[in-house]
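The values are calculated or read from the model by the stated rules, or taken from the named source; none is laboratory data. Every value quoted in this text rests on a predicted model; they were computed, and no experiment measured them. FYI the Cβ positions are ideal-geometry reconstructions off the backbone, even for glycines, and counts take in every protein chain you see.
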Amino acid sequence: MKAIEAWQPLACPLDGIQAWLIPVTHDAEIFHLNWRVLSEDERQRAGRFHQDADRRRFVVTRGSLRHLLGQHLQMPPECIKIGYGPHQAPFLANNSQIPSTCPTVGISR
């Protein structure tokens, strides 16, 4: 998959923590690969961005998060339920298909 090949795992000194550098490109194929796995709520939120660069960053980061979680949880990325906290920080929402040892997630610029 073209998008996954561009991701770069970063070295992390703490056990159990993974960090990934995911480039936000203007590649239409990568944008659509990520767009198709977003929930309807995420698509609506993306549509509210006024600047194309902000919309693209949101779609690529949220879609990439879903792809990474899908690999880790061995689930299709579009089936993962993501909730949002008070400042729109993502978290794995309750889902009977996700094991109780599911990871904690975060996104940063």
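Among the conditions (1) surrounded by fewer than 13 Cβ atoms within 10 Å (Cβ to Cβ); (2) modelled with pLDDT of 85 or more; (3) assigned to a loop (DSSP other than H, G, I, E, B), the only one that GLU29 does not satisfy is (3).
Per the listing GLN71, GLN97, GLN88, the residue uniquely of a type outside the set (A, V, I, L, M), surrounded by fewer than 16 Cβ atoms within 10 Å (Cβ to Cβ) and either modelled with pLDDT of 85 or more or on the phi > 0 side of the Ramachandran plot (or both) is GLN88. Taken together, the residues in the range 42-67 that are among the basic types (Lys, Arg), surrounded by fewer than 19 Cβ atoms within 10 Å (Cβ to Cβ) and under 18 Å from GLU78 (Cβ atoms) amount to 2. Is it true that some residue in the range 5-26 is surrounded by 12 or more Cβ atoms within 10 Å (Cβ to Cβ), modelled with pLDDT of 85 or more, on the phi < 0 side of the Ramachandran plot and of a type outside the set (Val, Ile, Thr)? There is no residue in the range 5-26 that is surrounded by 12 or more Cβ atoms within 10 Å (Cβ to Cβ), modelled with pLDDT of 85 or more, on the phi < 0 side of the Ramachandran plot and of a type outside the set (Val, Ile, Thr).
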